[in-house]
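See structure below.
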Amino acid sequence: MVLPGANFEVLHPGLYWPTQILLQRGWRIIRARWIWTPKAAEDPWRAIFSTLDVMSGYVHGLRRIYLAKSVGTLAAETAAAEGVPGIWLTPLTSDARVAAAIRTCPTSLLVAGTRDDSWQHGDELRQRHQICVVSDMNHGMFVPGSWRSTLRGLQQVNEAVEAYADRLLV
């Protein structure tokens, strides 16, 4: 289940390539697509949970993984309750509720950048999960001012996703 960020569509390279990696490994993909309205921004938890309610009807009984970016990582609460792992891109771990949910998720992959203000990690996240931190990458998954560094960072992210996805298949 692919959940983009508020202003980060699935076709953005930061989500597109991880989605392709999962597809190449035989996962079926269902993705959320939304226009992040002021109403949704007022209560992002409600927006995420209502989206998950709709999506759950399509994946009932299937092996699942969450691939989520930013506000999509609010789904970690549902993933933890269901025992479903996730690939959490720029997770909102500065939000106590998201951080608590991710701490209780099955072993997941967390991806962030050193210039991402929403990324706060503790040793408990590092002990439980795989973590990929890209130097100088911001919350938009860009290295400001350097397309080359951005591409190297995205390669680092994709390699981490690939290694994590391969471990899930074992």
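The values are calculated or read from the model by the stated rules, or taken from the named source; none is laboratory data. Keep in mind it's a predicted model, so treat the numbers as computed, not measured. Note that we place each Cβ from the backbone using ideal geometry, even for glycine, and neighbour counts take in every protein chain shown.
Only one of the listed residues (A41, A68, A100, A47) is among the small types (G, A, S) and more than 23 Å from M141 (Cβ to Cβ). That residue is A100. Might you check whether a residue that is assigned to a loop (DSSP other than H, G, I, E, B) and either in contact with a helix residue (DSSP H, G or I) (Cβ under 8 Å, 6 or more places away or on another chain) or surrounded by fewer than 16 Cβ atoms within 10 Å (Cβ to Cβ) (or both) occurs anywhere in the stretch 146-161? So far as the stretch 146-161 goes, yes, one or more of its residues are assigned to a loop (DSSP other than H, G, I, E, B) and either in contact with a helix residue (DSSP H, G or I) (Cβ under 8 Å, 6 or more places away or on another chain) or surrounded by fewer than 16 Cβ atoms within 10 Å (Cβ to Cβ) (or both). Summed over the stretch 89-129, the residues that are crowded, with 16+ Cβ neighbours inside 10 Å and in a strand (DSSP E or B) give a count of 7.
State whether the residues of the stretch 65-73 include one that is assigned to a strand (DSSP E or B), in contact with a Phe, Trp or Tyr (Cβ under 6 Å, 6 or more places away or on another chain) and among the charged types (D, E, K, R). Scanning the stretch 65-73, I find at least one residue that is assigned to a strand (DSSP E or B), in contact with a Phe, Trp or Tyr (Cβ under 6 Å, 6 or more places away or on another chain) and among the charged types (D, E, K, R), so the answer is yes.
Residues checked against (1) modelled with pLDDT of 90 or more; (2) under 16 Å from L109 (Cα atoms):
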| position | (1), (2) |
| --- | --- |
| Q24 | yes, no |
| W27 | yes, no |
| A41 | no, no |
| D53 | no, no |
| V59 | no, no |
| R64 | yes, yes |
| G86 | yes, yes |
| A99 | yes, yes |
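Out of curiosity, is E159 of a type in the set (D, E), touching a Cys at 6+ places or on another chain (Cβ under 9 Å) and over 20 Å from N7 (Cα atoms)? Criteria met by E159.
In the stretch 96-103, the count of residues that are of a type in the set (G, A, S), farther than 18 Å from F49 by Cα and more than 12 Å from the chain's Cα centre (by Cα) is zero.
Taking each residue of the stretch 10-28 that is free of Cβ contacts under 8 Å to residues at least 40 places away in the same chain and looking for partners that are acidic (D, E) and buried (at least 19 other Cβ atoms within 10 Å of the Cβ) with beta-carbon atoms closer than 6 Å, six or more apart or interchain, yields nothing.
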